[in-house]
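Data block below; observations after.
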Amino acid sequence: MGMKPFLVTKILPFVIGALILISFSALQKIIIGANPFMIKGYVIPFIFGGASGIIIAFFRKKWENEAVRVETEKLQAIIEMAAAVCHELNQPLQSIYGYCELLMMDLEEGDQSYKQIKGIKGQIDRVGEITKKLMRVKRYETKDYLKGKIIDIDRAIE
Amino acid sequence: MSEKKVLVVDDEEKIRDIFEQAFSKAGYVVRLAESAEEALEILKDDKIQVMFLDLDLPGMNGAELCKQIRKDLPMAIIHAVTGYSPLFEFSDYRDAGFDVCFNKPVKLAVLLKAAEEAFKKLDTWKKR
């Protein structure tokens, strides 16, 4: 471990913990009317406070790492699910889109069927845009939906 | 004028059917394969220079197929047509030897344009 991490993870929490308990000890002496400068009354608070500081810092770091790990796993699961959905959806979309284009090749633009098939193509384009967005998900962002939450795709790709 | 052939490799029957109809209407001769192995068999006797390969194939995948094809047909113009393609993997397609990558659903007009440009490029190279 380098000097700076050692200072931050071990020395600093020890000093903070020790100072807090020493302050309480001094306050206690003042309240009961004892001499606040009696050194032997500070030894145990110093050790105990310092040790508590290190323990609290250790668990705080552990909980932070655990929270980061959980968020990372959540995001990874979302990305993998999005990839599977995109891949599976894009195959039938290609078929539907392709058959629409083939039909339109044999119709006149003014034909009612041409317009309706063009409408179908437009909706497939829309689904295609959604799958393209899903492929770009890189953050875990949610929005409220009825009684629960769903992924906010637009924010998740920013 | 020699006939212009394209090879379409996709394990989805409907997609092969659609691409065959589209390319045939545009005047191309279309060879179809539903797997990489079938494609390599076709290419043993028929040195097709313009290809459209799906990436997710049973057995050997499209990227491996492209690498194999490049060994015998280094000048072929090979297009990837895939259902899932995050942008950050684009360099992987180039490393595999693909010239262009399309994401499904892709417009038939785009594929036809790509085939037209591929044959123009090949004609230009032949004239040199």
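Every read-out reported here was derived from the displayed coordinates using simple, explicitly stated rules and does not represent laboratory data. Since the model is a prediction, treat every value here as computed from it, not as a measurement. When we count neighbours, we look across all protein chains shown, and the Cβ atoms used for this are built from the backbone with ideal geometry, even at glycine.
The fewest-to-most ranking of A:His87, B:His79 by surrounding Cβ atoms within 10 Å reads A:His87, B:His79.
For a paramagnetic label modelled on A:Glu64 (point 7 Å from Cα along Cα→Cβ), amide N atoms under 19 Å away belong, within segment A:13-28, to A:13-18.
Multiplying each eigenvalue of the alpha-carbon gyration tensor of chain A by 5 and taking the square root yields semi-axes of 69, 16, 10 Å, largest first, rounded to whole angstroms. Evaluating 6.51 cos²θ - 1.76 cosθ + 1.60 at θ = phi - 60° for every residue in segment B:29-45, the Karplus couplings come out as 8, 10, 10, 10, 9, 9, 8, 5, 4, 5, 4, 5, 4, 4, 6, 4, 9 Hz, glycine and proline recorded as x.
Of the trypsin sites (Lys or Arg not before Pro) found in segment B:1-99, those that fall in a DSSP loop while having at most 15 other beta-carbon atoms within 10 Å are B:Lys47. Over all pairs of different C-alpha atoms, the protein assembly as shown has a mean inverse distance whose reciprocal, the Kirkwood radius, equals 24.3 Å.
Arranged from fewest to most other beta-carbon atoms within 10 Å of their beta carbon, B:Cys101, A:Cys100 become B:Cys101, A:Cys100.
Rounded, prolate or oblate: which one fits segment A:73-141, using the alpha carbon gyration tensor with axes a ≥ b ≥ c (rounded when a/c is under 1.5, else prolate when a/b beats b/c, else oblate)? Because a/c hits 1.5 or more and a/b exceeds b/c, segment A:73-141 counts as prolate. Over 27 Å apart at the Cα level, from the set A:Lys133/B:Lys4; A:Lys61/A:Lys143; A:Lys121/B:Lys121; A:Lys133/B:Lys113; B:Lys71/B:Lys107; B:Lys4/B:Lys104, are A:Lys133/B:Lys4; A:Lys61/A:Lys143; A:Lys121/B:Lys121; B:Lys71/B:Lys107. Just to be sure I understand: of the beta bridges DSSP finds with both ends in the protein assembly as shown, what percent are antiparallel, rounded to 5? Counting DSSP beta bridges with both partners in the protein assembly as shown, the antiparallel share is about 20 percent. When shorter helices are ignored and each DSSP H run of at least 4 residues is given -39500 (n - 2.57), the per-residue value for chain A at 222 nm works out to -25500 deg cm²/dmol.
Close amide H partners of B:Ile77, meaning residues 5 or more places away or on another chain with modelled amide H under 5 Å apart, are B:Val50, B:Met51. Once both axes come from the Cα atoms, what is the angle between helix A:43-105 and the longest principal axis of chain A, in degrees from 0 to 90, rounded to 10? Helix A:43-105 sits at roughly 0 degrees to that axis. For the pair A:Asp154 and A:Asp106, label points projected 7 Å from Cα toward Cβ lie 4.1 nm apart.
Using a/c under 1.5 as the rounded threshold, could you call segment B:1-118 rounded, prolate or oblate? The axes a ≥ b ≥ c are square roots of the C-alpha gyration tensor eigenvalues, and prolate needs a/b larger than b/c, oblate otherwise. Verdict is rounded for segment B:1-118. The loop-placed chymotrypsin sites (Phe, Trp or Tyr not before Pro) in segment B:4-63, going by DSSP, include none that has at most 13 neighbouring Cβ atoms within 10 Å of its Cβ. Comparing A:Leu93, A:Tyr145, A:Gly50 along the charge dipole axis of chain A, the residue lying farthest to the positive side is A:Gly50, per the Cβ-charge model. With contacts taken as Cα pairs under 8 Å at a separation of at least 6 residues, chain A carries a relative contact order of 18 percent.
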